[in-house]
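Colleague: One structure follows; several queries about it will come next.
The values are calculated or read from the model by the stated rules, or taken from the named source; none is laboratory data. Values in this document were obtained by computation on a predicted structure and should not be read as measured data. Ideal geometry is used to build each Cβ from the backbone, glycine not excepted, and the neighbour counts take in all protein chains shown. These accessible areas exclude ligands, DNA and RNA; they are computed on the full protein's heavy atoms, side chains included. Shrake-Rupley method; radii C 1.70, N 1.55, O 1.52, S 1.80 Å.
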Amino acid sequence: MKPAPFDYTAPAELSDAVTALAERPETARVLAGGQSLVLEMHYRRERPALLVDINNVRELDTITADGDALRVGALARHRAFETPTVAPGALGRLLSRVSPLIAHPPVRARGTMAGSLAWANPVSEWCATAVALDAGIELTGPAGSRLVGAGEFFLGPFRTARQPDEILTSVRLPLLPGAETGTVGVGFCEQHRTHASFAQVAVVAVLTLRDGVIVEARLGLAGAADRPVRAHEAERHLVGREPEPDVFAQAAALAAAGADPLSEPHAGVEYRRHVIGVLVRRALVQAREDSESADFFSGAGRDGHDGWEAR
Amino acid sequence: MTGRIPVRLTVNETPYDVTVEPRRLLADVLREDCDLTGTKLGCEHGVCGSCTVLVDGEGVRSCLMFAVQCAGRDIRTVEGLTADGELHAFQEAISAEHGLQCGFCTAGFVMLVVGALQEDPTIAEDPERLDGLLASNLCRCTGYEGIRRAVLRVYGKDGTRQENGTAED
Amino acid sequence: MTGAGNYVGDLKVAGCLDAAFVRSTVAHGRLLAVDTSAAAEVDGVVGAWSAADLGDDLAFVPPFFPSAGGEDPRRCAALAVDRVRYVGEPLAVIVGTDRYVAEDGADAVRVDIDPLPALVDPGEAAASSTWLFDGVDNVATEMEFGTPIDDEVWQRAAVVVEGAYRQPRLAPTPMEPRAILAVPQPDGQLTVWVSHQAPHRLRRDLASALGLDAERIRVRVADSGGAFGTKSGTFAEYLSVVGLAVKLGRPVRWLEDRAETLSGSTHGRGQNQRVRLAADENGRMLALALEVDADVGAYPNTGFVAAETGQAAAGVYLTPNVHARIRVVVTNTTPTAPYRGAGRPEQVYAVERTVDLLARRLGMDPAELRRRNFIPPEAFPYHSPTGRVFDSGQYELALDKALELVDYTHWREEQQRRRRSGSERPLGIGLCSFTERSGLEQAPMANEWASVDVAPDGSVTARVGTCSTGQSHETVFPELVARTLGIPPGRVSLIEGDTDETAQGIGTFGSRSMQVGGAALHRAALELIEEARRRAGEPDARYADGTVITGQRSWTLAELAAASPEPLRAGGVYDTPAAFPFGTYVAVVEVDRELGNVRVLRLVAVDDCGVAVDPEIVEDQTRGGIVQGLGQALYEVMPYDDQGVPQADGLLGYLLPTIGELPPISLDTTVTPNPNTALGAKGAGEAGCIGTPPAIVNAVIDALGPQPAGTATDIGGMQLPLTPETCWLAAAGQEVAR
Ligand SMILES: Cc1cc2nc3c(=O)[nH]c(=O)nc-3n(C[C@H](O)[C@H](O)[C@H](O)COP(=O)(O)OP(=O)(O)OC[C@H]3O[C@@H](n4cnc5c(N)ncnc54)[C@H](O)[C@@H]3O)c2cc1C
Ligand code: FES
Ligand code: FES
């Protein structure tokens, strides 16, 4: 389990990294946290001829609020999202619920959110989060930067819209302000087997409530298809209804019916489909409860830019 | 850059000048080039944690980093804990509490715990957080109980930890 | 712990080469070609060999039990010849200046295989007309224990229940995979450092397989990163590594990696079982029949594992009619070998699940049913219908203690409360009463060699043929010798696992070390005291605290050792019959019916391993075993697809429990001395993984019940491991609860 030989470069400037990658885009790979890439290289399923290590590019190591989005640089590690203060309000709460379920502390210390999106494992928690939130994904290549919506970014298992000569430079997660539109509640549930395993299914739920009625619903699913998806039908069903158990159950059934999960040794298609339904319902319940407590502690919960630290 | 690359690694505050292929894992370079064999390789894919070392104070898998990535960084291995000839309090505790049998996983657990609890000793006060941390690594022999007890012995409420992180016994 | 351990991979030998293997990715096929020419060209590669390249130098693994008549038709070559029989089988070996280049070399080898149908299930393999080995069918051995049970017995019985169970294949997964380093010396000697459980046998086998002189081979067991049975064989890879070290005249090592060990080393368990159990209306057992197809994998070197399942068939129960039929079958999968418990966990699982089935059928409390059937204490030594002699036991005592420790009544009430409430997660309680076997009954393996020497400075050296792979011998054995001699433990040092230093030895397995190795050391130490008295010329003198004392004078051991050039020593080979530790485990679980997730709320283990020499170390072994048992119950299995391809190549696929998966565990013991040794100790170390899986599975079935009345069979029902999917299916009544 030792990697095949490769060339290595670790520039300090983004432009140099872009240039290095552009020289042989088909055989080069970007090295971020390495927590997926190096593993694959051990099995020699990945044999890049050149590694462009971006860990020295300081400008990528940032998390900043940028207008109405949180701009997460390519070097922001999973760990940075463990505490809710990483982002204002509901977004911070959501990210801090998701992060602790990704691997374990030593892997979270290295692995990056951007790397997870670039890798596009269909059961990745961050990928489900990105589609749920309609994140913007910034790609930088020799021709400059472009922004791709998460909905268009994921093309299949480990396949994305990123061109081989592009670096994923940042992820833009819309803040979930609520204040004018209503109260935002977030929920996150996943089914995994042991603390060491990946999720079989994960569900991100974001509900915006006004006057006791759901005005917006976002459901991001991991493990429900060959890529992260939103449960659009279930979302439509929720909007305009009250956050009641049978409404959640109906939404859950729609999400399960619409899913097209892949089979794996210990979770056949039927089981996964069923789990999607259960977790959608549970995540929705969590989101409602979260919105209630957010409402109660209004400040930080609703718009609370206070209590939030930029990095 | 092709072929071998000269790198200066700082391990346990000691500089090591090595010339290595970029593909060589930090773990292999520590073991083979720096003769620091306390760090073990149990899976080479990030799961078992036998290879856990501290890089800039954080516990990481040395099987998922290349040595060439670590130039200029502060690397700590299990050997660094005993530099003055005395065992670290947590090492003492893990032995006293039967936290090891074959010992293959031990260095990884020691670095995991020492790294995390140095930064935040309150982890030991919350059983859930402590399990969350210890669940990072695998031990096939002990059933973990002795490892957990060892953490509490040193870092727990009535633990022996003192301000400087060493213990009386 | 200081990092100063000396595992094989830590040993630094100048000029050492690393080996890597090319392994079959096809389960069954004709091996048309293995082309190593490109590999030999790779920078840093010293050489690359297939079986064809080795020609007459190709070695064969010596059989565990040498067969009487000629060449074994199912023998295993160091590198595959003509045919591949499992994914992971070594096809070529590459030696390079380091492991990286050796793997580059392995990449460059071209292999051509013409696939044949793969046989994955032992039942199918036994019936198949496709044979793994030309000229012999797939049933390697058939064994019978007890006498066939009359039809009349079944017909007359008030109840007969029947279960069919699958014991999945488990990967033993010590944290350190296999490791070996062969160092040829200029004087023609050969030192082999290895992480191993049986160095003396390995030396013998290496010599015979490679045509070397055993006297010139020194096998030394380095620190070992766990074994659990998987490091007791003479492996094909070892023959290649040692053979090439000799051929090249250079040190060669092989440090197996996790990907190769998961399908390339050995698996444990792997049985298809069918159990029939008859009882009268009061629940008294009348007959038990056990049929097993034991999957021995591609090369049948270890049929004795399954023999244990048959010989132990009825377990702790007084059953007049017991019959076991065992077929050991070859399949296109990784060879199986002893894995912690080796045959006992399989037997106990089959019986304990069926006993619970019987309890449900009779509407009887499972604890009460067990109580009615235990072999009573006064029946020992007990001769079982399958030909086993059990030494001693107080099975009911262990059961009672376990029920008390877990607070059985409380949980039964809680279970009822939850059932009535309807909404909460169902709760279940599961029991497992078992006896294990420590040490071996077969004559040549029921003994161990040990010696104790005193130097003129009073220091004592104890040598024993067992070796420590994580059982803390280095603490326990010196203490035992010191206690026997009445001297401070610091004066005793232990040597084991070195064939030059220990005259012979069987090794460490079957939980035998403490019982057999410890007993041997104990007797050697007692003989040393006799020897000391003789030396003092006072055969009837008193002996205390390292001193021979008469009314007039006294001699310390050091003085007696210094008094003569002849070493003060005692030792030899000491017989110890097999012993039968026992216990009862209780698990309390709740099940999330929607997701199928099992949460173990409590696990209680009451073990009796006689007089424990060091209770803390026994407890450590038990805890470790329990966690492996938990893994077996809920997580662990090496799945194969229809083509015979194993579906896990790492620890993200083969799941071991982390600390996060552990329930609260309470341990206690009862003490029934081993009547056959002076120490009274029975082996310890395997109980945890014997008692835990059935207790958990019974608890889950209990939670998902109550079963429809009249259920007599449990066939096609829940199988190990209890994945969420399995439990969800069961909860939904789709497969089980028939
Ligand atoms: C034991 C273990 C358990 C894990 N458990 C989980 C889990 O539960 N959930 C989960 O989601 N993940 C899990 N992971 C994977 C982990 O989260 C990885 O960190 C993540 O998948 C990839 O991020 P990375 O920064 O490490 O990327 P790398 O490994 O460096 O790269 C992964 C891929 O993305 C490309 N890439 C990375 N960054 C960029 C970029 N900025 N621009 C262009 N391409 C880029 C690389 O070229 C490579 O192809 C686990 C990993 C391990 C070792
Ligand atoms: S060897 Fe690095 S985690 Fe197992
Ligand atoms: S002590 Fe053996 S793996 Fe932990």
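Colleague: Does residue A:47 satisfy the criteria of being basic (Lys, Arg), under 30 Å from residue C:18 (Cα atoms) and out of contact with any strand residue (DSSP E or B) (no Cβ under 9 Å at 6 or more places or on another chain)?
Modeller: yes
Colleague: Take the residues in region C:191-201 that are open to solvent by 10 Å² or more (accessible area, probe 1.4 Å) and touching a Lys or Arg at 6+ places or on another chain (Cβ under 6 Å), then tell me which one is nearest to residue C:263 (Cα to Cα).
Modeller: Per the stated criteria, the residue is C:193.
Residues are listed down the side, and each one gets a yes or a no for (1) β-branched (Val, Ile, Thr); (2) in a loop (DSSP other than H, G, I, E, B); (3) more than 16 Å from ligand 3 (Cβ to nearest atom); (4) out of contact with any Ser or Thr (no Cβ under 8 Å at 6 or more places or on another chain):
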| residue | (1), (2), (3), (4) |
| --- | --- |
| A:187 | no, no, yes, yes |
| A:237 | no, no, yes, yes |
| A:247 | yes, no, yes, yes |
| A:272 | no, no, yes, no |
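Colleague: Here are A:4, A:12, A:20: which of them is buried (at least 17 other Cβ atoms within 10 Å of the Cβ) and either more than 8 Å from chain B (Cβ to nearest Cβ) or touching a residue at least 12 places away in the same chain (Cβ under 8 Å) (or both)?
Modeller: Matching residue, one of A:4, A:12, A:20: A:20.
Colleague: While we're on this one: Quick check: anything in region C:254-274 under 18 Å from the mean Cα position of the chain (by Cα) and aromatic (Phe, Trp, Tyr)?
Modeller: Among the residues of region C:254-274, not one is under 18 Å from the mean Cα position of the chain (by Cα) and aromatic (Phe, Trp, Tyr), which makes the answer no.
Colleague: Taking region A:105-121 only, how many residues are open to solvent by 10 Å² or more (accessible area, probe 1.4 Å) and either more than 7 Å from ligand 1 (Cβ to nearest atom) or among the hydroxyl-bearing types (Ser, Thr, Tyr) (or both)?
Modeller: First, the residues of region A:105-121 that are open to solvent by 10 Å² or more (accessible area, probe 1.4 Å): A:105, A:107-108, A:110, A:115-116, A:118-119, A:121.
Now restrict to residues that are either more than 7 Å from ligand 1 (Cβ to nearest atom) or among the hydroxyl-bearing types (Ser, Thr, Tyr) (or both): A:105, A:108, A:116.
Going through region A:105-121 one residue at a time, the tally reaches 3.
Colleague: Out of all the residues in region C:222-233, which are surrounded by fewer than 24 Cβ atoms within 10 Å (Cβ to Cβ) and more than 16 Å from ligand 3 (Cβ to nearest atom)?
Modeller: none
Colleague: Report yes if residue B:99 is more than 16 Å from ligand 2 (Cβ to nearest atom), more than 7 Å from every other protein chain (Cβ to nearest Cβ) and under 17 Å from residue B:135 (Cα atoms), otherwise no.
Modeller: yes
Colleague: For residues that are closer than 14 Å to residue B:103 by Cβ and more than 6 Å from ligand 2 (Cβ to nearest atom), tally how many sit in region B:37-53.
Modeller: Residues flagged as closer than 14 Å to residue B:103 by Cβ and more than 6 Å from ligand 2 (Cβ to nearest atom) within region B:37-53 amount to 4.
Colleague: For region B:51-60, what are the residues that are within 8 Å of another protein chain (Cβ to nearest Cβ), more than 16 Å from ligand 3 (Cβ to nearest atom) and either among the hydroxyl-bearing types (Ser, Thr, Tyr) or under 9 Å from the mean Cα position of the chain (by Cα) (or both)? Lay out the reasoning, then the answer.
Modeller: First pass over region B:51-60, keeping only residues within 8 Å of another protein chain (Cβ to nearest Cβ): B:52, B:58-60.
Among the residues that remain, those that are also more than 16 Å from ligand 3 (Cβ to nearest atom) are: B:58-60.
B:59, B:60 - these are the residues of region B:51-60 that are within 8 Å of another protein chain (Cβ to nearest Cβ), more than 16 Å from ligand 3 (Cβ to nearest atom) and either among the hydroxyl-bearing types (Ser, Thr, Tyr) or under 9 Å from the mean Cα position of the chain (by Cα) (or both).
Colleague: Looking at A:146, A:97, which one is away from every other protein chain (no Cβ under 14 Å), away from ligand 2 (no atom under 16 Å from the Cβ), charged (D, E, K, R) and not in a loop (DSSP other than H, G, I, E, B)?
Modeller: That would be A:146, the only listed residue that is away from every other protein chain (no Cβ under 14 Å), away from ligand 2 (no atom under 16 Å from the Cβ), charged (D, E, K, R) and not in a loop (DSSP other than H, G, I, E, B).
Colleague: Cβ-Cβ distance below 9 Å, separation of 6 or more or different chains: which pairs start in region B:65-93 with a residue that is within 12 Å of chain C (Cβ to nearest Cβ) and in contact (Cβ under 8 Å) with a residue 12 or more places away in the chain and end on one that is part of a helix (DSSP H, G or I) and among the polar types (S, T, N, Q)?
Modeller: Final answer for the pair search is B:78/B:91; B:78/B:106; B:81/B:91; B:91/B:106.
Colleague: Let me ask you something else. Count, please, the residues in region B:97-146 that happen to be in a loop (DSSP other than H, G, I, E, B) and either closer than 24 Å to residue C:663 by Cβ or within 16 Å of ligand 3 (Cβ to nearest atom) (or both).
Modeller: 20
Colleague: Name the one entry in C:328, C:348 that is under 16 Å from the mean Cα position of the chain (by Cα), crowded, with 24+ Cβ neighbours inside 10 Å and of a type in the set (A, V, I, L, M, F, W, C).
Modeller: Only one candidate passes the filter, namely C:348.
Colleague: Identify, by number, the condition in (1) at pLDDT 95 or above; (2) more than 29 Å from residue A:54 (Cβ to Cβ) that residue A:133 doesn't meet.
Modeller: With (1) at pLDDT 95 or above; (2) more than 29 Å from residue A:54 (Cβ to Cβ) applied to residue A:133, the lone miss is (2).
Colleague: Looking at residue C:209 and the list (1) open to solvent by 10 Å² or more (accessible area, probe 1.4 Å); (2) within 23 Å of residue C:99 (Cα to Cα); (3) modelled with pLDDT of 95 or more, which single condition is not satisfied?
Modeller: So residue C:209 meets the others, but not (2).
Colleague: Still on this structure, please answer the following. Quick one: which strands (runs of 3 or more DSSP E) lie wholly within region C:110-170 and hold at least 2 residues that are open to solvent by less than 50 Å² (accessible area, probe 1.4 Å) and not assigned by TED's automatic domain parsing to the domain that holds residue C:625?
Modeller: Qualifying strands (runs of 3 or more DSSP E): C:139-146, C:159-170.
Condition check ((1) surrounded by fewer than 24 Cβ atoms within 10 Å (Cβ to Cβ); (2) among the β-branched types (Val, Ile, Thr); (3) within 11 Å of chain B (Cβ to nearest Cβ)) across all residues:
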site: C:625; (1), (2), (3): no, no, yes
site: C:630; (1), (2), (3): no, no, yes
site: C:640; (1), (2), (3): no, no, no
site: C:647; (1), (2), (3): yes, no, no
site: C:657; (1), (2), (3): no, no, yes
site: C:665; (1), (2), (3): yes, yes, yes
site: C:677; (1), (2), (3): no, yes, no
site: C:682; (1), (2), (3): no, no, no
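Colleague: Taking the stated definitions as given, is residue A:72 open to solvent by less than 10 Å² (accessible area, probe 1.4 Å), hydrophobic (A, V, I, L, M, F, W, C) and in contact with a His (Cβ under 9 Å, 6 or more places away or on another chain)?
Modeller: So residue A:72 fails the test.
Colleague: Continuing with the same structure: Quick check: is even one residue across region A:23-31 modelled with pLDDT of 95 or more, under 27 Å from residue C:103 (Cβ atoms), open to solvent by 40 Å² or more (accessible area, probe 1.4 Å) and within 11 Å of another protein chain (Cβ to nearest Cβ)?
Modeller: no
Colleague: I've got another one for you. Tell me, which strands (runs of 3 or more DSSP E) wholly within region C:551-598 include 2 or more residues that are within 30 Å of residue C:431 (Cα to Cα)?
Modeller: Those strands (runs of 3 or more DSSP E) span C:582-592.
Colleague: Is it true that some residue in region C:244-262 is within 16 Å of ligand 2 (Cβ to nearest atom) and open to solvent by 20 Å² or more (accessible area, probe 1.4 Å)? Write out each step before concluding.
Modeller: Keep residues of region C:244-262 that are within 16 Å of ligand 2 (Cβ to nearest atom), which gives C:255-262.
Applying the additional criterion that residues be open to solvent by 20 Å² or more (accessible area, probe 1.4 Å) yields C:255, C:259.
Yes; the residues of region C:244-262 include at least one that is within 16 Å of ligand 2 (Cβ to nearest atom) and open to solvent by 20 Å² or more (accessible area, probe 1.4 Å).
Colleague: Is region B:140-150 home to any residue that is within 16 Å of ligand 2 (Cβ to nearest atom) and more than 17 Å from the chain's Cα centre (by Cα)?
Modeller: yes
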